[in-house]
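Participant: Mind looking over this structure? Questions follow.
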Amino acid sequence: MDAADDSYRDLVELQLDCIVRFTPEGRLLYVNQAYCDLVGKTKEELTGSVFMPVTERQYSDAIATQMVKLFRPPFACYVDQWIRTKKGLRCISWSARSIRDGNGTVLSIVATGRDLTDIRRQEKVIRQRDRELMLVIESGSRMYYSHTPEHVLDFVSPRIPRLLGYKPGSGKKMWTDYLSDHPANRAALERTQRALTSGRREPPYRLEFLRGDGSRIWIEVNEIPVVKDGKTIAIVGSLADVTEEMQVEEGMAEAEILIKAAHSGNNLRPENKQTPLGYFRSALGKAKEEAARNEAGIPGSGNT
């Protein structure tokens with residue numbers, strides 16, 4: 001039995017991770033050599049001292065909130081502790097679990113801690129870089145998104161919900177849920193499906209979306225399939241609001257119909273027929289010329 005105890009003791013003492021045991025009141029009962037080396041104190045100095053002394057209020061509140069879990073199911077918690085060591089300020093990630101008697105009363109707590117300082121600092125750098133990248137993305141005219149082959153959104157530019165008039169977490173997970181019943185949407189969906197199947201990029205296309213207030217908006221979509229091992233795993237794309245552009249195009253098309261109807265009774269040669277844009281430019285030019293003649297007192301074509 002003694003030999004077994006010695007083996008277990010050696011196993012704990014030789015661990016590179018910190019191992020401690022403390023009372024429900026937070027007094028250390030045991031520390032291994034790795035923890036002693038980390039904080040630069042002996043076992044005698046640490047035994048009976050308060051575990052996890054924290055001076056910063058923000059860390060103290062966070063640790064206290066997590067450690068409450070040690071006294072109720074699941075009787076375990078994970079917590080990061082920034083402490084001053086011989087190597088400077090280090091982040092120790094603790095995994096703690098309660099030891100209870102037959103009645104469920106917590107007798108003591110055992111925790112293992114690993115130095116994750118470098119990882120946490122790298123994560124902070126990545127988060128900062130992500131924020132800067134998002135700032136660049138959000139400053140452009142286009143908005144970005146990605147969705148799975150099943151059309152489930154997994155990234156959406158923060159501007160997109162505002163454009164569509166929906167609050168984040170509105171319950172709509174698939175991007176197709178935002179589409180109106182416009183016939184043009186069917187052809188656009190077929191393009192997306194072709195991109196998913198072939199793994200090849202489709203030309204830009206336009207969709208009509210239904211906004212939260214019931215109004216409709218036209219969006220131009222530019223998508224690229226993400227292919228891995230010959231299989232499309234996602235679609236990433238950008239979109240832009242082209243509602244005003246669509247309205248202008250529709251107005252020009254209607255004007256062209258009206259101009260053709262007006263010309264239908266005239267014997268105009270094809271080369272003399274004008275586009276809607278040319279027609280309006282010509283009309284505006286004639287109006288400007290007539291106004292100049294009137295101002296100068298020169299008889300125009302409308303004067304007798």
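Participant: Is there a residue being closer than 30 Å to residue 216 by Cβ and of a type in the set (A, V, I, L, M, F, W, C) anywhere in the stretch 139-151?
Facilitator: Kept after step one, since they are closer than 30 Å to residue 216 by Cβ, are these residues of the stretch 139-151: 139-151.
Going one step further and asking which of them are of a type in the set (A, V, I, L, M, F, W, C), we end up with 143.
Yes - at least one qualifying residue is present in the stretch 139-151.
Participant: Which condition number does residue 51 fail, the rest of (1) at pLDDT 90 or above; (2) at negative phi; (3) more than 31 Å from the chain's Cα centre (by Cα) being met?
Facilitator: Going through (1) at pLDDT 90 or above; (2) at negative phi; (3) more than 31 Å from the chain's Cα centre (by Cα) one by one, residue 51 breaks only (1).
Participant: Can you find, within the stretch 90-128, the residue that is surrounded by the most Cβ atoms within 10 Å (Cβ to Cβ) among those that are of a type in the set (A, V, I, L, M) and over 20 Å from residue 31 (Cβ atoms)? Give the steps one after another, and end with the answer.
Facilitator: Initially, the stretch 90-128 is screened for residues of a type in the set (A, V, I, L, M), giving 92, 96, 99, 106-107, 109-111, 116, 119, 125-126.
Cutting the leftovers down to over 20 Å from residue 31 (Cβ atoms) gives us 119, 125-126.
Numbers: 119: 12, 125: 10, 126: 10.
For the stretch 90-128, the residue satisfying everything is 119.
Participant: Okay, moving on. Going through the stretch 85-103 one residue at a time, which ones are under 16 Å from residue 34 (Cα atoms) and among the polar types (S, T, N, Q)?
Facilitator: Passing the criteria: 85, 93, 95.
Participant: What pairs can you find where one residue is in the stretch 190-202 and on the phi > 0 side of the Ramachandran plot, the other is of a type in the set (Ser, Thr, Tyr), and their Cβ atoms are less than 6 Å apart, with a gap of 6+ or different chains?
Facilitator: The qualifying pairs are 199/232.
The values are calculated or read from the model by the stated rules, or taken from the named source; none is laboratory data. Quick caveat, the model's predicted, so the values are computed rather than measured. Ideal geometry is used to build each Cβ from the backbone, glycine not excepted, and the neighbour counts take in all protein chains shown.
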